[in-house]
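Step one of this worksheet: look at the structure below.
The values are calculated or read from the model by the stated rules, or taken from the named source; none is laboratory data. Just so you know, these numbers come straight off a predicted model, no measurement behind them. Every residue, glycine as well, gets a Cβ built from its backbone with ideal geometry; the counts of neighbours run over all protein chains shown.
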Amino acid sequence: MRKNKQIRIISGEFGGRLIDTPDNTATQPMGDRERMAIFNRLREEIAGKKVADVFAGSGALGLEALSLGASEVIFVEKDPKAILCIKQNLQKLGRSARVQKKLEEECDIIFMDPPYDNPQYELCTEITKHLKSGGYLVLSHPANPEPPVFDRLELVSDKKYAAAHIKIYYKN
């Protein structure tokens with residue numbers, strides 16, 4: 001097992017604060033560069049919004065959204081070590097949020113960063129049904145296989161960062 005690694009929250013209320021990543025090999029935290037690109041693009045869209053961090057791992061994407069003023073963040077994760085890590089990171093920042101195993105309600109913004117060795121695109125497609133009209137879906141995925149075309153979502157950004165591909169979709 002690897003030693004816990006820490007990553008930093010990039011901006012907002014908790015900017016510069018360190019959070020832990022799960023002590024396992026099932027999750028890989030998204031790099032600073034990729035997170036910075038996502039939040040630079042969506043910064044103005046986050047304040048006051050309901051956000052879901054699906055395949056949450058450390059919770060870095062959801063914590064970044066909280067730092068930028070999201071009204072509510074739902075962390076969706078199944079791995080027990082990752083769930084514990086998210087709860088500890090929330091406690092470290094003095095915040096509370098729901099951590100659950102399945103997304104069951106509509107959100108304004110959904111972040112999905114599935115494991116690259118098993119991107120679970122069928123589940124990703126199912127989760128898109130929980131995106132509100134006027135909302136954004138952010139998907140981090142490997143080069144292969146390509147994600148499916150999501151019904152009723154418009155691709156507004158597609159960037160490549162080393163092994164990561166970050167796509168941002170908008171729902172009319």
Open item on the list: Restricting to the stretch 11-20, give me the number of residues that are surrounded by fewer than 21 Cβ atoms within 10 Å (Cβ to Cβ) and either of a type in the set (S, T, N, Q) or touching a residue at least 40 places away in the same chain (Cβ under 8 Å) (or both).
Closed with: 6
TODO: Identify the residue in the stretch 91-111 that is closer than 17 Å to residue 22 by Cα and under 15 Å from the mean Cα position of the chain (by Cα) and, among all such residues, is surrounded by the most Cβ atoms within 10 Å (Cβ to Cβ).
DONE: 99
Open item on the list: Anything in the stretch 140-160 that is out of contact with any strand residue (DSSP E or B) (no Cβ under 9 Å at 6 or more places or on another chain) and either surrounded by 11 or more Cβ atoms within 10 Å (Cβ to Cβ) or not in a loop (DSSP other than H, G, I, E, B) (or both)? List them, or say none.
Closed with: 148
Open item on the list: Take residue 118 and tell me if it is farther than 20 Å from residue 7 by Cα and either under 15 Å from the mean Cα position of the chain (by Cα) or at pLDDT below 95 (or both).
Closed with: yes
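Residue-by-condition table, conditions (1) under 24 Å from residue 159 (Cα atoms); (2) of a type in the set (Lys, Arg); (3) touching a Cys at 6+ places or on another chain (Cβ under 7 Å):
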{"residue": "10", "(1), (2), (3)": "yes, no, no"}
{"residue": "21", "(1), (2), (3)": "no, no, yes"}
{"residue": "36", "(1), (2), (3)": "yes, no, no"}
{"residue": "41", "(1), (2), (3)": "yes, yes, no"}
{"residue": "63", "(1), (2), (3)": "yes, no, no"}
{"residue": "68", "(1), (2), (3)": "yes, no, no"}
{"residue": "73", "(1), (2), (3)": "no, no, no"}
- [ ] May I ask you to list the residues in the stretch 161-172 that are part of a loop (DSSP other than H, G, I, E, B) and either in contact with a Gly (Cβ under 8 Å, 6 or more places away or on another chain) or over 17 Å from residue 55 (Cβ atoms) (or both)?
- [x] 162, 172
Open item on the list: If I go through the stretch 130-139 residue by residue, how many of them are touching a residue at least 60 places away in the same chain (Cβ under 8 Å) and in contact with a helix residue (DSSP H, G or I) (Cβ under 7 Å, 6 or more places away or on another chain)?
Closed with: 2
Open item on the list: Let me confirm something: among 38, 19, 7, which residue is in contact with a strand residue (DSSP E or B) (Cβ under 9 Å, 6 or more places away or on another chain), assigned to a strand (DSSP E or B) and closer than 24 Å to residue 167 by Cβ?
Closed with: 7
Task: Count of residues meeting criterion [in contact with a strand residue (DSSP E or B) (Cβ under 6 Å, 6 or more places away or on another chain), surrounded by fewer than 20 Cβ atoms within 10 Å (Cβ to Cβ) and within 14 Å of residue 136 (Cβ to Cβ)] in the stretch 46-81 - done: 1
- [ ] Kindly state which helices (runs of 4 or more DSSP H) lie completely within the stretch 51-129 and contain at least 1 residues that are free of Cβ contacts under 8 Å to residues at least 40 places away in the same chain.
- [x] 80-92, 121-127
